[in-house]
Amino acid sequence: MLYSIEEIGQIIGGKFLQKTSAETKIEHLLFDSRQVSAPATSLFFALTGQRNNGHKYLSDLHRAGLRNFVVSENVDAENFPNSNILKVENTLAALQILAAAHRQKFKIPVIGITGSNGKTIVKTWLTQLLQPDFEVVSSPKSYNSQIGVPLSVWQMQPRHDLAIFEAGISRPGEMENLEKIIRPDIGIFTNIGAAHREGFETQQQKIEEKMLLFRHAKTLVFCADHEKIARAISISNFSKKTISWSATGQPADLQIIENQKLANGFIKIKYKIFHPEKFQNLEKPGFDFGKIFSFSLPFSDAASIENACHCLVVLLYFGTSPGKIRSRFLHLEPVEMRLELKAAINRCTLINDAYSNDLSSLAIALTFAAAQARDRKLTLILSDIFQSGLSPEILYQKVAEVILEKKVARCIGIGVDIQQVVKYLPKDFETKFYATTDDFLKNFNEIHFADELILLKGSRVFAFERIARRLEKKAHKTVLEVNLSALVHNLNVFGKLLRPGVKILAMVKASGYGSGAAEVAKLLEFHKIDYLGVAYADEGIELRQAGVNLPILVLNPPASGGTSLDAILRFRLEPEVYSLPGLADLIDFLGKERRIGIHLKFDTGMHRLGFEPRDLPELIEILEKNPHVEVKSVLSHLAASDAPGHDDFTKKQAAQFLEMSEKLTEAIGYQPLRHIVNTSGIARFPEFHFDMVRVGIGLYGVQVAGLSEKLMVVNTLKATISQIKNIAPGDTVGYNRNGKIVRPTRIATVSIGYADGLLRLAGNGHFSMQVHGKFAPTVGNICMDMTMLDVSEIPQAAAGDEVIVFGENPPVESLAKALQTIPYEVFTNISERVKRVYFQE
């Protein structure tokens, strides 16, 4: 469905700053300047936020061929020839108004889903389960935010006869906006979690806010076992039909009678309908509502069972017979919501998104891949796309547009229909096609993969996990998983504490605190961080060679001239200077011709490095004589920003820093950036944010005073059980016979040791790891490559099982305590031989 730019202007109440063609047709809505794929039919909304402003990218977009813009600031139309420019008061509100107007053109059933957990899985499973009966449109991935919801609803087209959208909120007042856009006929309230991860004072406040999504719904599905939700619904103004289910015997319209674990690992769920009038779409003739029905679910965890039961109720509501329900649940596919980035063969990098395949998720995955690839070759391995609702010609034309926009260098297609994409690609574009995954694997050795980034994107039926296993670099069974989405969340937590204009410098020294500097730096650059900080020039050079272009501050530059300083200039690094001799050496090396930007370190009480107040006169004199040395920033380091008992000392440091900065600025005639606050000081000392703050360990979710409940865990260290032995009383385990066994004990040998970073202090019961949700203490000494755990209380533990060393639970702080150290040291001790796996939700 296309809208003219004139129609859109009327809908959003915009004023044309420039109108080139009122009849220009719009098909795509954009808010991210990196996601342009069809510029001629795209409309860009210049959204403004605390840390970014879409108006900055208008010129880049115009150069990319985009000619339709919605802005909220005055722009010079002469700089955007042949463009339509609409001005509104609030671009986000305009985007939402447009999506809400689009929604009102459709009379099809719309399902709206909210809750604390399970929204995306319920939405995806319902899409899978109902696709045989409906042409379904649903939110891509987890597009459930104030921006994601309007983009999801905009996908609705006349061919669709069912829509499924999820809605997520982070603070009061947001759901009202989303309800106007989704306007669901059928609501699903999945569950409710703790309030601390969102901006609500109480759970009750959060429930009431989420209930607003169902203000105009005709039917609401919920689990009666969630007492607070059930109570809120009963006392709310919701006057339409509710359909409840219970697995604990609470009064409900549908009861889960029994969950039976099957030999194949599936769960058999038995259910009975108690109020048939709630399911009027079911065929009554021959349907025995007193009968107990069942279906099998190919997942056995509690969350999957709850999600499946929500889906069950909806299927029954739509009249799906128990027989069809049994068949469809058997073939239910897993929902993989993360893009994994791993080391691959021949110095390649693999992004594995092999569990879903549609146009929307392809664009999302390619955007992520392009950001990681930078100047490296980008190869796409893509299967046929099913159930798109588009003819193959239109579908693969759109696929080709995305491929070209994201600068894919090579496309390897697997399937029959995918070969049509070649018609819409340049004649010299590199392509290979295979009918099946088996054909691809048989010819694998004939395909040369080296020094490139490979995106794997396939429909489930093609079993692309087999390709992933072939491409992955064989490595140690211990892995450090780095959740890039959580890192971005934490960045935003800190960003929201800053006043507009305050910049962020992210520390990525020590290989990004063990997480991988290049990968983390690319992500931070993608999200418009202002500065990066590294300890040594070699770390900065590595980032430049990985394609990172952000300004990089080097905290410990080489002390004298030579090739190291030459490399700093050559790779556009900016050294910290903290002494008069160091500045003199730098100036001698530069001569009078070469320019450089530097950062001056002031010692205000840390007494580690830095200029002292008595150094200022000579420092100023040197700078005045050498204008080719530009002071980019002045900085200092707080000695006790996380210790309330030393707050008076911290304030004295800040006062001295401000005094020294003002003297320097007055003398040199310009204002460098000023920064003194580190991670722990950002929340505690907003008055000392000045021009920039430095964020380090807090990005990784480590506890920070005042912010711990808002931060998400980024790093999870996982190992694998190699073998399990039954040890009799009187025997010992490990070196020096320190692991004395006093009762019959099951010992699991795990693939991690002190060579991986798990130091010996964690042995002999001083630390426990998580296996199957329970904690298993260490037994005996930590070995170089192995650790032994007592899994006597975990009978299901078996060789090959995953072991969580630290992550959500146990947190890294627990291991740090056992090792008598701090999380910084735990992270930076993780060996390079431990495989890093990066993923984005």
Residue list for the range 15-52, filter: charged (D, E, K, R), open to solvent by 30 Å² or more (accessible area, probe 1.4 Å) and either touching a residue at least 24 places away in the same chain (Cβ under 8 Å) or under 30 Å from residue 502 (Cβ atoms) (or both): 15, 19, 27, 34, 51
Search result, residues across the range 815-836 that are touching a Ser or Thr at 6+ places or on another chain (Cβ under 8 Å) and closer than 22 Å to residue 711 by Cα: 827, 828, 836
Only one of 117, 74 that is under 27 Å from the mean Cα position of the chain (by Cα) and open to solvent by 10 Å² or more (accessible area, probe 1.4 Å): 117
I'm trying to understand the selection: among the residues of the range 279-305, which are modelled with pLDDT of 85 or more and among the basic types (Lys, Arg)? 291
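Pull up the range 237-250, narrow it to residues that are open to solvent by 40 Å² or more (accessible area, probe 1.4 Å), of a type outside the set (Val, Ile, Thr) and not in a strand (DSSP E or B), then point me to the one that is farthest from residue 312 (Cα to Cα). Show your work before the answer.
Residues of the range 237-250 open to solvent by 40 Å² or more (accessible area, probe 1.4 Å): 237, 239-241, 247-250.
With the extra rule that they be of a type outside the set (Val, Ile, Thr), the set shrinks to 237, 239-241, 247, 249-250.
Within this subset, residues satisfying the condition of being not in a strand (DSSP E or B) are 237, 239-240, 247, 249-250.
Working: 237: 26, 239: 23, 240: 20, 247: 13, 249: 17, 250: 18 Å.
Residue satisfying both the conditions and the ranking: 237.
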Exactly one condition in (1) in contact (Cβ under 8 Å) with a residue 24 or more places away in the chain; (2) exposed (fewer than 15 other Cβ atoms within 10 Å of the Cβ); (3) not aromatic (Phe, Trp, Tyr) is false for residue 730; which is it? (1)
Out of the residues in the range 521-536 that are touching a residue at least 40 places away in the same chain (Cβ under 8 Å) and open to solvent by less than 10 Å² (accessible area, probe 1.4 Å), which is nearest to the chain's Cα centre (by Cα)? 523
Quick test of your reading of the structure: residue 691 fulfils all but one of (1) acidic (Asp, Glu); (2) within 30 Å of residue 605 (Cα to Cα); (3) free of Cβ contacts under 8 Å to residues at least 60 places away in the same chain. Name the failing condition by number. (3)
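Taking residue 165, is it in contact with a His (Cβ under 8 Å, 6 or more places away or on another chain) and either open to solvent by 40 Å² or more (accessible area, probe 1.4 Å) or of a type outside the set (S, T, N, Q) (or both)?
Numbers: in contact with a His (Cβ under 8 Å, 6 or more places away or on another chain): no; either open to solvent by 40 Å² or more (accessible area, probe 1.4 Å) or of a type outside the set (S, T, N, Q) (or both): yes.
So residue 165 does not fit the description; no.
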Near pairs, Cβ below 7 angstrom, 6+ apart or cross-chain, from the range 440-462 (in contact (Cβ under 8 Å) with a residue 12 or more places away in the chain and at positive phi) to any residue that is of a type outside the set (A, V, I, L, M) and open to solvent by less than 10 Å² (accessible area, probe 1.4 Å): 451/348
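Here is a check on your reading of the model: is residue 118 touching a Ser or Thr at 6+ places or on another chain (Cβ under 9 Å), within 19 Å of residue 100 (Cα to Cα) and not hydroxyl-bearing (Ser, Thr, Tyr)? Give the steps one after another, and end with the answer.
Values: touching a Ser or Thr at 6+ places or on another chain (Cβ under 9 Å): yes; within 19 Å of residue 100 (Cα to Cα): no; not hydroxyl-bearing (Ser, Thr, Tyr): yes.
No.
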Any residue in the range 274-283 that is open to solvent by less than 60 Å² (accessible area, probe 1.4 Å) and either in contact with a strand residue (DSSP E or B) (Cβ under 6 Å, 6 or more places away or on another chain) or not hydrophobic (A, V, I, L, M, F, W, C) (or both)? yes
With the condition being farther than 21 Å from residue 544 by Cβ, I'd like the helices (runs of 4 or more DSSP H) fully within the range 440-530 carrying at least 2 qualifying residues. 465-471, 484-495
Any idea which of 553, 565, 524 is modelled with pLDDT of 90 or more and not charged (D, E, K, R)? 553
If residue 83 passes every condition in (1) of a type outside the set (A, V, I, L, M); (2) crowded, with 20+ Cβ neighbours inside 10 Å; (3) closer than 21 Å to residue 26 by Cβ; (4) out of contact with any Lys or Arg (no Cβ under 9 Å at 6 or more places or on another chain) but one, which one does it miss? (4)
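Could you tell me whether any residue of the range 306-315 is modelled with pLDDT of 90 or more, among the β-branched types (Val, Ile, Thr), under 34 Å from the mean Cα position of the chain (by Cα) and under 26 Å from residue 143 (Cβ atoms)? Can you show your working first?
Applying the first criterion (modelled with pLDDT of 90 or more) to the range 306-315 yields 306-315.
Those left that are additionally among the β-branched types (Val, Ile, Thr): 313-314.
Subset that is under 34 Å from the mean Cα position of the chain (by Cα): 313-314.
The next check asks that each one be under 26 Å from residue 143 (Cβ atoms); those that pass are 313-314.
Looking through the range 306-315, at least one residue is modelled with pLDDT of 90 or more, among the β-branched types (Val, Ile, Thr), under 34 Å from the mean Cα position of the chain (by Cα) and under 26 Å from residue 143 (Cβ atoms).
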Looking at the range 1-67, what strands (runs of 3 or more DSSP E) fall wholly within it and have at least 1 residues that are closer than 18 Å to residue 155 by Cβ? 28-30, 42-45
List every residue pair whose Cβ atoms lie under 6 Å apart, where the two residues are 6 or more positions apart in sequence or sit on different chains, the first residue falls within the range 818-831 and is within 15 Å of residue 698 (Cβ to Cβ), and the second residue, located anywhere, is part of a helix (DSSP H, G or I) and open to solvent by 60 Å² or more (accessible area, probe 1.4 Å). none
Which of the residues spanning the range 430-452 are within 12 Å of residue 467 (Cα to Cα), surrounded by 15 or more Cβ atoms within 10 Å (Cβ to Cβ) and of a type in the set (Ser, Thr, Tyr)? 437
Select from the range 473-497 the residues that are open to solvent by 10 Å² or more (accessible area, probe 1.4 Å) and modelled with pLDDT of 85 or more and list them in ascending order. 479, 481, 483, 485, 488, 489, 492, 493, 496, 497
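Determine which member of the set 145, 138 is surrounded by fewer than 20 Cβ atoms within 10 Å (Cβ to Cβ), modelled with pLDDT under 95, in contact with a Ser or Thr (Cβ under 9 Å, 6 or more places away or on another chain) and not β-branched (Val, Ile, Thr).
Values: 138 fails: surrounded by fewer than 20 Cβ atoms within 10 Å (Cβ to Cβ).
None of the others qualify; the one that does is 145.
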Looking only at the range 86-112, filter to residues that are farther than 23 Å from residue 72 by Cβ and among the β-branched types (Val, Ile, Thr); which one of those is most open to solvent (accessible area, probe 1.4 Å)? 108
Just give me the residues in the range 390-407 being touching a strand residue (DSSP E or B) at 6+ places or on another chain (Cβ under 8 Å) and either crowded, with 16+ Cβ neighbours inside 10 Å or under 11 Å from residue 38 (Cα atoms) (or both), in sequence order. 399, 403, 406
Of all residues making up the range 772-805, the number that are within 19 Å of residue 758 (Cβ to Cβ), outside any strand (DSSP E or B) and open to solvent by 70 Å² or more (accessible area, probe 1.4 Å): 2
If you go through the range 14-40, how many residues are in contact with a Phe, Trp or Tyr (Cβ under 9 Å, 6 or more places away or on another chain) and aromatic (Phe, Trp, Tyr)? 1
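The values are calculated or read from the model by the stated rules, or taken from the named source; none is laboratory data. The structure displayed is predicted, hence computed values, not measured ones. Ideal geometry is used to build each Cβ from the backbone, glycine not excepted, and the neighbour counts take in all protein chains shown. Protein only, heavy atoms only, side chains kept; ligands, DNA and RNA dropped before computing areas. Shrake-Rupley method; radii C 1.70, N 1.55, O 1.52, S 1.80 Å.
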